[in-house]
1. With the requirement that a residue be facing chain B (nearest Cβ under 7 Å), buried (at least 24 other Cβ atoms within 10 Å of the Cβ) and assigned to a helix (DSSP H, G or I), what does the range A:90-125 give you?
2. Hey, can you tell me all the residues within the range A:456-481 that are open to solvent by 20 Å² or more (accessible area, probe 1.4 Å), within 7 Å of another protein chain (Cβ to nearest Cβ) and farther than 10 Å from C:Arg383 by Cα?
3. Whether any residue in the range C:465-480 is in contact with a helix residue (DSSP H, G or I) (Cβ under 7 Å, 6 or more places away or on another chain), among the hydroxyl-bearing types (Ser, Thr, Tyr) and more than 22 Å from C:Pro175 (Cβ to Cβ) is what I want to check.
4. Checking the condition small (Gly, Ala, Ser) and in contact with a Ser or Thr (Cβ under 7 Å, 6 or more places away or on another chain), which residue from A:Gly521, A:Gly481 passes?
5. Could we say that A:Glu592 is among the charged types (D, E, K, R), touching a Ser or Thr at 6+ places or on another chain (Cβ under 6 Å) and open to solvent by less than 10 Å² (accessible area, probe 1.4 Å) here?
6. Scan the range A:442-453 residue by residue and report those that are in a helix (DSSP H, G or I) and touching a residue at least 12 places away in the same chain (Cβ under 8 Å).
7. For the range C:15-35, give me each residue that is touching a Leu at 6+ places or on another chain (Cβ under 8 Å) and within 14 Å of chain B (Cβ to nearest Cβ).
Amino acid sequence: MSKLAEYEGPILEIDKLSISFFTRLREIPAVMDFSCVVQPGEAMGLVGESGCGKSTVALGVMQDLGVNGHIVGGSIKFKGRDLGEMSADELRGIRGNEIAMIYQEPMASLNPAMKVGRQLMEVPMIHEGISESDAYQRALEVVTDVKLPDPERILKSYPHQLSGGQQQRIVIAMALMSKPSLLILDEPTTALDVTVEAAVVDLVKDLGKKYGTSMLFISHNLGLVLETCDRICVMYSGEAVETGSIKDVFDKMQHPYTQALFRSIPLPGTDKNAHPLVAIPGNFPLPHERPPGCNFGPRCDYFREGLCDIDQRVPMADIPGDDRHRSRCLRIDEIDWNAPVAASIKTAKTEPGDVILKMDKLKKYYEVAANALFGGGGATKVVKANEELTFEARESETLAIVGESGCGKSTFAKVLMGLETATEGQILLDNKNIESTPIQKRDTKTVADVQMVFQNPFDTLNPSMTVGRQIMRALEVFGIGKTDGDRRKRMLELLDLVKLPRAFADRMPRQLSGGQKQRVGIARAFAGGARIVVADEPVSALDVSVQAAVTDLLMEIQRENKTTLLFISHDLSIVRYLSDRVMVMYLGHVVELGTTDQVFAPPYHPYTEALLSAVPIADTRVEKQHIVLEGDIPSAMNPPPGCPFQTRCRWKDQVPGGLCEKEVPPQRSMADGHQIKCHLAQDILERMEPVIKVAAE
Amino acid sequence: MGLFILRRTGLMLLTCLCLTFVVFFLTNLYPNLEKLAKSQGNVRMTDAQVASWLENRGYDRPMPVKYGEWLGVVPGWTYQNQDGDTLGRCVSITRDAETAPRFCGVLQGWWGQSTVFKEPVASVVGDKLGLTGRLMFWVMLLMVPSALVLGVLAGMREGSTTDRTLSTFAITTTATPEYVSGVILIAVFTSSAVGLKWFKGTATSAMDNPTFENFFLPVLTIALYGMGYIARMTRASMAEVMTAQYVRTARLKGVSFPNIVMKHALRNALIAPFTVIMLQFPWLLNGVVIVETLFNYKGFGWTLVQAAGNNDIELLLGVSVVSVIVVLVTQLISDIGYVYLNPRISVT
Amino acid sequence: MEPLTWTGSLGNILDPILFVLVPVFLALIVLRIAVSVLLPAPTMHTNPDGTLSATSGGPAVLVPKMGNWTGLGLLALVLTYLIAGAIMGATGAGIIGGMSQQLVPVWIALVVLFALSINFKRKLGLYGKLFDSTIGMIGFGLVMFWVFTGLFAGFDMLLTHGALDQLSGMKNKGPGTPLRSPEDGQFQWYLLGGDTLARDVFSRMLKGSTVVIAIAPLATLFAFMVGITLGLPAGYYGGKLDTFLSFLANLILAFPVILLFYLLVTPEIAATGLPQFMAVALFIFPLIFCAVLINARYRGQPSKNWTYLAIVLVPLFLLYMSVINAQNSKIDFWPLDFFDIPSGILVVFVSVVFVNSPTVFRIVRGLTMDIKTRDYVAAAQTRGEGPWYIMLWEILPNARGPLIVDFCLRIGYTTILLGTLGFFGLGLPPASPDWGSTINEGRKLLSIYLHPALPPAIALLSLVLGLNLLADGLREESLKD
């Protein structure tokens, strides 16, 4: 099948699109009155929190809404032709050929039982009817284009034999096989590590230019959209609330939601004491519980009764003077968009107290069976999860532990908690050794002192026990309160502490939203008056607007209780915002350790440098040095010899004598507690330039 | 891989040892021996007569010794009767005390003598196994393809009319044990009361000369019960695969529906049912016993019933060894086959 | 007296309708499959009230609609047969009417149960949700029909004659045959005929359900107790314990079920006391389970702990001792023996539990291995909970969905096993009216007389089918959360 005839005009025109899902009980509108236009070669970013309908728009364009989803109004035109009026055959000719799609989970979107090559070759063979050998040539070409090493071997492998980053490159290659005019990317990098994500985003940008493809880029990450797109459309609860060019929307936002969104993400310049984040109050409305009038009304600072809550759709209004900049707000002209943040409460910086936790040359090695299915034959491998961790943590200090998957941060947490025992070295809690005491042998006080907040809000609470009982159980275990009555009283106080209504005590976890569950998790961790709390990516699975609220809550409780917070994260923006000191880990090694200012300014460890460059920042004033790491993170089962980072380091050739491949670098003290594990000479380190520069206002 | 098979074989031997010992233990409990004596000798034997009958035939010694004899690691018993003749475990093979070997057990290839059939166990089991093998062959030939087709058709479009009808059919067959479906089939197709008389109600003649008329009903009876189960597994697996992300990818690549089913979904969907089919083998043994009894087809299952009903110890041991090996070998094959079907698990 | 026809005078009007509706219905089903395979799905449009319906016209819409109407018509017809039959009785509405009238207590119980359940379904959790699924409701209806029948028949209600009564002249007589010389107050017909020993097939079938209803759920419950108590630690700890327990489970699973039954369920084995010893081992598991359950939860509060333990364990222990202790058997020393279980029943019970528990073990083990990686388990570990608390209070409640579904399926499987035992004449007493034995007796003359074998066969089929449908409905509804 050949391409549609050449068409002058927009590639994609979505006009007043409404999509609903139908259940047995009711109609659930997922997208309402959505319009947007994508011009040839243009990249359009679609941003919003989960449940706002951005993925539904993408599936609507593909006309693949499933049995229950239906377009109930408006039209989607592709190159001038209405997709809704096409027959199944015509649609099949367009899918994969003219419009291609890339999804979030690369592993899930590749057929596990089919070789990568076959999956790629299938596309042009269906659409262009070319021969198998031609298709193979094409596949080879495209795989080379997506910068995969050894394309022929890759084409012969099964998806599971590739790493996550390579799989996503294959998915991209598959989408480009027939040189489509429109590429839809649905959160294409969410499942990847930060440095891998940066490389993939870079690739998509380049290829978009090379092939002249228009893009619809769906993401929840404003920074990523800033880096990839020309135009942006912000969605909230099924509606587009603001759309325009990147510059207009980022710098001259004209909708309260967009503004609130930007105020709730940690940009350079925010600080937990001087410029704290402003969380958006309230919760995201469920699709069938939307308020009358403006959907954002109940959470809006500029809400006006009698205007914003009249049961009538708020129309999109053009912003005069800007290029196709539109906003869905009734009070655009009345609001002073440049007014400074009013509600921010400044707090005094707390001074760290005594050292309460000390790690000394902590090592944790695992033995794993070399072969999972037929294993047990004696062959085992040693995984060096942690190598020589040495640091101290003080009272009311926030120490951030930063690293990507496989860096050993979770193993470290397990050893500290006592779920595993250390292989070597020591952990001193109040000068008592606890490294080889498993949790069952620890006394109640120690257990209550060291607690944890988990990453996944949907997994952190037992689904079949009420919220109240779970907290009361923790109190019972920690020996707090004499009777059930006492404990119930204390439990209600804890709910107050995490700002949840007391009525939640009798709810089941499934009746709570992600942010609320995470609050319960925090309440549970503080039940026994914890002095050290390990927070394992506590907000990374939450929506942006909720993240700020949960982070602030955590900070507030920490301030009041003088808790030591070990904040595990891969997100450098949030780390910079809230931590006092930062520890960067890579493949079990601590590569850099210092105060936040020291780590975020040169001299860097080469890995920190790359990490900083990789994190997308949603601020047009920021200029970043462009550093893209080659390849993937090596497996902890099979680490490279010498320096763990040497396989991807861009400074490696500056070290004479191939020292990097032979020896693990020593921990070097730079200034005042700042440590870097690197072979680079002092003068080279000092010559490094800052990665992030904020342009002067 | 070789090591894996070796380990599994070792495990299999251990399982066989454990299970045969259990069988040995149960069949050699005194009440069972007494029953054996009375059924072989005389129903009205006195306790003393029973005791001497057992003594004459070597049944009265400690259980581990007897088990060792059966295995062939302990010398076979001998007994001198009043006439001066030497009787013994191994003597019965050669009928001559002089030339009889000292050890005669499984290790030496002697599986013992069946007390019911008055024949060596090995030949009884061999004959009957052949007959049952023929039955199983046709059962598999009927059951597996139809179950897979049924499951794939139903799972292809979950929730459709086809799915609901076929699923109801599959559930009904799994809810119908062989002794119910067999009785209903016999009633409908062979009885003079209904009058169809399409098939024969017994399969005795099929032992020598299997025809469609005398062999189809027993095959169908076993196949029906297993079919529903496999079909449901296939359906569940197929339905899951059809909602998988990579099927959506294929759909949005522009692959047509028949190609999605054939090229993308089928192989992935068949991984789970394969294991089920292999594990179905031992399960079918139940059906075989029932159906062979019901249709009077004197195969392996029928032999099992005869041996168990008459406490024919050595035949029972032989039968259990065979069935245990069948079970374990199919498990082994299912594990290995799973690896080859599923590229995600590597053998190395 | 004239023998009864199947539908009596009711049939004059209704039978012709039935003979038309059934073939039409079947044809429509076939047609519907053909249509759904061959024609594209009908286009949908939305209604103002927010529901969805197919655009009218075309066979793709028409055929399913007609199919539904005919189905409803059939259902109405069957209900008419039953309701009119229940009112008119055997004299007016033939055999069907007679049976329906005998079963009136069951109908009342079913109607009350369904009315209550549907009324309060929003408050009843998973059980209530069952009434959202048609399949689930049909299954539950079938199961509860036999539960009520078994219950009432256990108190000798519903029966027209005694299950063991032999009446002269009724040998192998067909359905609806009147008694030769009915006494006063005696039911005048054998509704489903007489068997080779001139006993009433209908009454025996009803009475047989009591055996199944009494043994199958209880045996399954015990198998679950054993499987859960062993499967949880095997899955949770892994390692050597897991290897050993899994080996044992596989050992039992590798054993052909029928061979095991033939070896275990014999009077000779019962005489050795072996079943009793097995009962000692198997029946201790519920005690262990309850003890650990309570102790893990209340360990921190000793006074409460001991109170609850005493309240639960003392009665359970007395029950346990009564069960395993029997007069004039190998275990006969306990003075407080409240009842004896007949050795035949005990051996059947023990074997069924023994055969079922390894499968339950494997399911529980797999679920445990899955759930133990969840964060809430890690949270429990980090606050220093004991392993048994985690297994029983954090893991087990969250495995309940699949376990409940499997429980229903397994009762069905146990029913089949009991039937198999009866079919081979193992265990239960020879004159027992249980379905397996009745099928076995009836099959010998199957080519001449159908009526003794078919009713128990269909009864067993419908009960197991009901359990399977119930499990399917439960699975569907529990996945919707």
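1. Within the range A:90-125, A:Ser109, A:Glu122, A:Val123 qualify.
2. Scanning the range A:456-481 gives A:Asn456, A:Asp459, A:Pro463, A:Ser464, A:Glu476.
3. yes
4. A:Gly521
5. It is true that A:Glu592 is among the charged types (D, E, K, R), touching a Ser or Thr at 6+ places or on another chain (Cβ under 6 Å) and open to solvent by less than 10 Å² (accessible area, probe 1.4 Å).
6. A:Thr444, A:Thr446, A:Val447, A:Ala448, A:Asp449
7. C:Phe25, the sole residue that qualifies.
So that you can scan it fast, the table gives a plain yes or no per residue for (1) open to solvent by 20 Å² or more (accessible area, probe 1.4 Å); (2) out of contact with any Cys (no Cβ under 9 Å at 6 or more places or on another chain); (3) farther than 27 Å from C:Ala249 by Cβ; (4) within 13 Å of chain A (Cβ to nearest Cβ):
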| site | (1), (2), (3), (4) |
| --- | --- |
| C:Pro315 | yes, yes, yes, no |
| C:Phe338 | yes, yes, yes, no |
| C:Val348 | no, yes, no, no |
| C:Val353 | no, yes, no, no |
| C:Ser357 | no, yes, no, no |
| C:Val364 | no, yes, no, no |
| C:Ile371 | no, yes, no, yes |
| C:Leu392 | no, yes, no, yes |
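The values are calculated or read from the model by the stated rules, or taken from the named source; none is laboratory data. Bear in mind that the values here come from a model prediction, so they are computed numbers and not experimental data. Glycine gets a Cβ as well: all are built from the backbone with ideal geometry, and neighbour counts include every protein chain shown. Side chains are part of the model used for accessible areas, which takes the heavy atoms of the whole protein and leaves out ligands, DNA and RNA. Shrake-Rupley method; radii C 1.70, N 1.55, O 1.52, S 1.80 Å.
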